[in-house]
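Okay, so here's the structure we're looking at.
Laboratory data are not the source of any read-out in this text; all were calculated from the coordinates shown. All of these numbers come straight from a predicted model, not from anything done at the bench. Cβ sites come from the backbone with ideal geometry, for glycine too, and all protein chains shown count toward neighbours.
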Amino acid sequence: MQLSVLTDNLPYLLWGAYPDGPLGGAALTVLLSVGSALASALLGLVLGIALSLARGWPQLLLTMVLGFFRAIPVLMLIFWTYFLLPIVFHIDVPGVLSVMCALALIGGAYLAHSVHAGISGIKAGQWDAGLSLGMPRVAVLRHIVLPQALQMMLPSFVNQWVTLIKDSSLAYIVGVGELSFVAAQVNSRVMIYPAEIFMFIGLIYFVLCSGLGLFADRVAAYFQASTT
Amino acid sequence: MTEFQTILGQMLAPKYLGWLLDGLWMTLLLSAVVAVFSTLLGIVIAAARSSRQPWLVLPARGFLSIFRNTPLLVQLFFWYFGVSGLLPESSVEWLNTVHSVVLGPYLKLTWPSFELLCAIFGLSLYSAAYVSEEIRAGMRGVAEAQRLAAAALGLNRWQGLRYVILPQAVRIALPPLLGQYMNIVKNTSLTMAIGLAELSYTSRQVEAQTFKTFQAFGVATLFYIAAIALIETLGQLIQRRQRLAGAAQR
């Protein structure tokens, strides 16, 4: 084990060239993950509700679009957003943003299905009870069904976010300087001790992902204690 | 709109379609090999996790935790750059040279490239963590009475697992397992980062050569969707046959 390669490059691995240059390394990984986690949660919620309320051809169309996002590799979608976003919006979209878009779309597509499953899992009696009180469908959804469904869906949200942290490493492919990218950079610069470098950044990802997992277990246990 | 017209303008030359087809072939080959290895390894891990011996349970849980909480890309980098540095030099040289065995006039077996070996090894370990979870869930779906019945017939724990529990568990776990096989197909795209010429790699190559970004990524995307749809159809067929066989038994 040769750890000097890590201590020498530690600041670069953790936050890239910041403050002299753009933010990178583990800090950018966290930023990317948080950004795409929030966007995917919002997208998943909206699309999941739409999937539950839509009937007929709009539902079919939505199912097909979601199926498309779930069928292609994240990497392919990153290629697409990286190349299509600048054409569609006629502006120079930074790499970080296009990766965030791709991750949010994939995460949102997966979450939409869990939100839909969560809403379907609420007993029909809850809907009937709300409607019989004279509430419109949207109000029943907002005040009665969603609060119960969201609690059930929490584990799938966290699973999806853990996946997002891992998938943020794919930004490497389009040259965004997050943790995997700077690690590969350091590796090709020093040319020795690759095992140490990749084990170390593996450890950083491990702490991020399992930390989020543990936190989710705590929250789930809290909700279980409060409902029973 | 003119931009889109120029983007959509021309089709890819046959030569580049050939590149993409080669990539597709590599993706399918890699996926199939990884699916087999990860299922075998997944069964072993699932069995270890449901064992009563703590010296089997703990390593299995550690394996799952490590392989599920780190990115596949980093794992591939570790195997590709890291382990080749740790191995003795002579064995790395042996892995890197092409070995082939000629079996008769038409059949020649060639030792895979170091990239492909790493891809198979890394992807199999990563996927096994997920596959084993599906198999374990399947094992829990087998009624407790089945285990007791196996014990009553005089089968020991291992025999009961092998002949009674696992065959049923795999059948229960089939739909989520197919989902994992779809994930394997999608995950093979990451091996482009260690230089394996699979579908994503070749689509990038075609794009760089022709500047027909839309066509290159479009064809590759369609290939991926077709591969996933194929697994989906296979799953439907297997499940229908199982249902028919189940109905015939009754």
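Worth a mention:
- Springs between Cα atoms under 10 Å define the GNM used for chain A, and in it the highest mean-square fluctuation of A:89, A:200, A:215 occurs at A:89.
- Per-residue Karplus couplings for region A:114-120, computed as 6.51 cos²θ - 1.76 cosθ + 1.60 with θ equal to phi - 60°, are listed in order as 6, 4, 4, 4, x, 5, 5 Hz, Gly and Pro entered as x.
- With a 10 Å cut-off around each Cβ of A:163-174, the average count of Cβ atoms from other chains is 4.
- Three semi-axes of the equivalent ellipsoid, chain B, Cα gyration tensor, whole Å, largest first: 39, 25, 18
- Computed over chain A: relative contact order in percent, which uses C-alpha pairs under 8 Å that are six or more apart: 29 percent
- As a size descriptor, the averaged projected area of the C-alpha convex hull of chain A was calculated at 16.2 nm².
- GNM top mover of B:234, B:190, B:177 - chain B, alpha-carbon springs below 10 Å: B:234
- Hull volume per residue, based on the alpha-carbon atoms of the protein assembly as shown and their convex hull, is 236 Å³.
- Sites excluded, chymotrypsin sites (Phe, Trp or Tyr not before Pro) in DSSP loops with at most 13 other C-beta within 10 Å, longest stretch of chain B: B:1-105
- Stretch gain in nm, segment residue B:100-residue B:145, where the contour uses 0.36 nm per residue and the Cα spacing is subtracted: 11.1 nm
- Distance from region A:64-85 to region A:106-149 (C-alpha centre basis), Å: 28 Å
- For region A:1-50 versus region B:137-187, the gap between their alpha-carbon centres in whole angstrom: 39 Å
- Inter-chain neighbour count for B:205-214: the average number of beta-carbon atoms from partner chains within 10 Å of each residue's beta-carbon is 1.
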